[in-house]
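Here the structure comes first, spelled out in C-alpha cells, and everything after it is commentary.
Every read-out reported here was derived from the displayed coordinates using simple, explicitly stated rules and does not represent laboratory data. Keep in mind it's a predicted model, so treat the numbers as computed, not measured. Methodologically, a virtual Cβ is constructed for each residue, glycine included, from the backbone with ideal geometry; neighbour enumeration extends over all protein chains shown.
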Amino acid sequence: MAFASVLRTATPRLAVRAAPQLARASARRAFASEASSAPKGNSGGSNNGLLFGLLGAGALGGGLYLYTRDSSDNRNVKDAASPQQVDYQKVYNAIADILEDEKYDDGSYGPVLVRLAWHASGTYDKETGNGGSNGATMRFAPEANHGANAGLEHARNRLEIVKKKFPEITYSDLWTLAGVCAIQEMGGPYITWRAGRKDGNVENCTPDGRLPDGDKGADHVRKIFYRMGFNDQEIVALSGAHALGRCHVDRSGFDGPWQYAPTTFSNEYFRLLEDEKWQERKWKGPPQFENKSDKSLMMLRTDMALMTDKGFRQYTDKYAKDENAFFSDFSKAFSKLIHLGVPTAQLSEPVPLKKIEDQAPASA
Ligand code: HIF
C-alpha cells in the first residue's frame, strides 16, 4: 500500500530549493518577544476572560488574526456536527482538492496542514486536561501570535475555502481532519479520526510555551511530550512526520527541508538521520545541522536527539529499517495526538476516510 501511494504523491516539484537569505539572528527572538505579550502562567481554564480580552485587545496593534475582533463573542463557539449531519468524506475530498498549488512552497499545502493539526493538538496538558485539539483556539490572537505558531496562518487561511463549502464543520474538526487528509494523500498510512470537537472561545487559549523549541535536546522533547501523555516510542514514531515540509527563515528562523522529497510521507527521515553525516551549519541563524554530503538538508537539535539519546535511538533504528512498523506506530500516535483534550463523550465513532486513490471512480 505504502509504495503505490508514495508513487502517486511523489510530484515532480520536489527539487529542493536553494536556501533563501540567511536568517537574521534576531528572527526567532522577534517571535519570542511578540509571544511574551501572551499570558504567562495561565491555566488556560475558563476564568480568565477579562485577562484574555485585554490581551486580545492589546494585540490589536501587532497584526491580528481574523477573529480577534469578536474574540469574546459567543458566535465563535460551536458544537460539532455529527457524521449524520456532515459527510466528512466529502470534506476530506474538498481538502484533498486544495492540497496542491505550484506557487506555494514545494507545491503542496500538505506539510503546513499537518503542522497546523499538530500545533492545535500539542498544547494539551494531561495534569489539568486543558489545551488540545478541542476549541481551535489558535483562531484567536494570543495563541495565533505564539512564536511556535508563526506561519500557520497559511494553513488556516487555505482551509477557509473548505470551511465556506461546509460551514457546519467546526474549525477544530476541520483542522485535525485536514492533517489526516494531508498525511494520507502524501502517501502516509490511514489514520483513525473521530468527529466531535467543539469550537471554543478566546478564554480557552493556552499559555505560550507549551510547544517544543527546535534548538533544545532530548530532555526538553521528553518534558513537552510526556506532558501530553506520550512515551519514548510514540515520540520517535511521531517525529517521522518531519519527512514532510521544511523550515522557513521567516517563520521559525530555521531553514531547509529534512529530506529530498518533502511532500512524500515515508520513513526517509529516519534513514537519512542514520545514513548521512551531520554537522553544525555555520551561519547567522539559530543552531541547526546540515548533511555533509550536499548541505541541502537540515536537522534540528531535537531531531538529532533521536540519534544521540539511547532511549530514543532503539526506535530510530527500528523505523529506519522497517517502514511498515513506522507506518503502523505513526498512525496510532498521530491519531492519539489529534484527539488530545477532547472528552470521549463528545467523540463520534471512527469516521471512515478513504484516500482518493481508494475511492471508486465516479461512474461515467
Ligand atoms: Fe515540527 N517543526 N517540530 N513536528 N513540523 C517544523 C515544521 C514542521 C518541531 C519544530 C519544527 C513535530 C515535532 C516538532 C511538522 C510536523 C511535526 C518547524 C519549521 C520547526 C522549527 C517551521 C517553519 O519554519 O515553517 C519540534 C522542535 C518538534 C518536537 C520534536 C511533530 C513530530 C515530527 C509532532 C510533527 O508532526 C511539519 C509537517 C512541518 C513542516 C511545515 C511546513 O510548513 O513545511
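Considering each of LEU297, LEU244 in turn, give the residue that is in contact with a Gly (Cβ under 7 Å, 6 or more places away or on another chain) and more than 13 Å from the ligand (Cβ to nearest atom).
LEU297
Go through segment 213-229 and give me each residue that's surrounded by fewer than 23 Cβ atoms within 10 Å (Cβ to Cβ) and within 9 Å of the ligand (Cβ to nearest atom).
Result: ASP213, GLY214, ASP215, LYS216, HIS220, ILE224, PHE225.
How many residues are in contact with a strand residue (DSSP E or B) (Cβ under 8 Å, 6 or more places away or on another chain), farther than 20 Å from ALA148 by Cα and in a loop (DSSP other than H, G, I, E, B) when one looks only at segment 248-273?
2
Checking the condition more than 7 Å from the ligand (Cβ to nearest atom), of a type in the set (Gly, Ala, Ser), under 17 Å from the mean Cα position of the chain (by Cα) and surrounded by fewer than 22 Cβ atoms within 10 Å (Cβ to Cβ), which residue from GLY209, GLY200 passes?
Criteria check complete, one pass: GLY209.
So, SER328, is that one surrounded by fewer than 21 Cβ atoms within 10 Å (Cβ to Cβ), under 30 Å from GLY131 (Cα atoms) and out of contact with any helix residue (DSSP H, G or I) (no Cβ under 8 Å at 6 or more places or on another chain) or not?
Criteria met by SER328.
Quick one: LYS292 ticks every box in (1) surrounded by fewer than 24 Cβ atoms within 10 Å (Cβ to Cβ); (2) within 13 Å of the ligand (Cβ to nearest atom) except a single one, so which number is it?
Result: LYS292 fails condition (2) only.
Report, ordered by the first and then the second residue, all pairs with beta carbons closer than 6 Å, sequence separation of six or more or different chains, a first member in segment 140-164 that is farther than 13 Å from LEU113 by Cβ, and a second member that is outside any helix (DSSP H, G or I) and within 13 Å of the ligand (Cβ to nearest atom).
The qualifying pairs are ALA148/LEU211; ALA150/ARG251.
Yes or no: ARG156 within 16 Å of the ligand (Cβ to nearest atom) and closer than 18 Å to MET228 by Cα?
Numbers: within 16 Å of the ligand (Cβ to nearest atom): yes; closer than 18 Å to MET228 by Cα: no.
Answer is no for this residue.
Taking helices (runs of 4 or more DSSP H) that fall entirely within segment 67-182, which contain at least 2 residues that are surrounded by fewer than 18 Cβ atoms within 10 Å (Cβ to Cβ)?
The qualifying helices (runs of 4 or more DSSP H) are 88-97, 153-165.
Evaluate segment 200-213: report whether one residue or more is in a helix (DSSP H, G or I), in contact with a helix residue (DSSP H, G or I) (Cβ under 9 Å, 6 or more places away or on another chain) and closer than 29 Å to PRO287 by Cα.
No: zero hits.
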